[in-house]
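In what follows, a structure is listed as structure tokens, so that the remarks can point back to it.
The values are calculated or read from the model by the stated rules, or taken from the named source; none is laboratory data. None of these values were measured; they are calculated from a predicted model. All accessible areas refer to the heavy atoms of the entire protein, side chains included, with ligands and DNA or RNA removed. Shrake-Rupley method; radii C 1.70, N 1.55, O 1.52, S 1.80 Å.
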Amino acid sequence: MPLASRLLHARWFVRAPIALFRSGLGALAGSRLLMLAHRGRTTGAVRYVVLEVVDRPAPGSWVVVAGLGPRSQWYRNVVADPRVLVWTGRRRGVRATARVLPPEAGADLLRGYADRHARGWAVLGPVLGEWAEPLAAERGEPDWRRVVPVVEVTTLGR
């Protein structure tokens, strides 16, 4: 298992940036990360996750990926309830909606990300491929990028 994959499976590692965003220091994370607040689909409790931004299609819009696949808790929660809050840069707790992109649109975004951020893709690609390649094969999908959940988060009224 690649180091990046091991770190993404380590709860302490993926939860650490949440404190940064909640304390108002999210701008230190730069424009490539955002924090998403979402509701647990069974408990209704507010949950937080920090995600890498893979695209910015428009002002007030970010595209993120469920790097650990469709079983990622945050992804399952936003599918159940797309109403979220976003922290990024100087924005704190902005109301937004999460929308799962169609498979081909998601695959195109991943290809574009790989072209624009070769070093980032060198880390992200193998992490995604680890679970996405077997899932694509199981589904008879020739392009594993099409099974990766890609979500667009768009602010409301801005």
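With a 1.4 Å probe and all protein chains left in place, how much accessible area per residue does segment 99-158 have, in Å²?
54
Rolling a 1.4 angstrom probe over the protein heavy atoms, how many square angstrom per residue are accessible across segment 31-89? Intermediate results must be reported in sequence, preceding the final value.
Values: 2670 Å² over 59 residues.
With all protein chains present, segment 31-89 gives 45 Å² per residue.
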Subject >> Relative pair counts by distance (%), Cα atoms of segment 52-112, 10 Å bins >> reply: 19, 56, 25, 0
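Of the heavy-atom accessible surface of segment 47-158 (probe 1.4 angstrom), what whole percent is carbon and sulfur? Don't jump to the answer; show the numbers that get you there.
Numbers: 3000 of 5830 Å².
Exposed carbon and sulfur together represent 51 percent of the surface.
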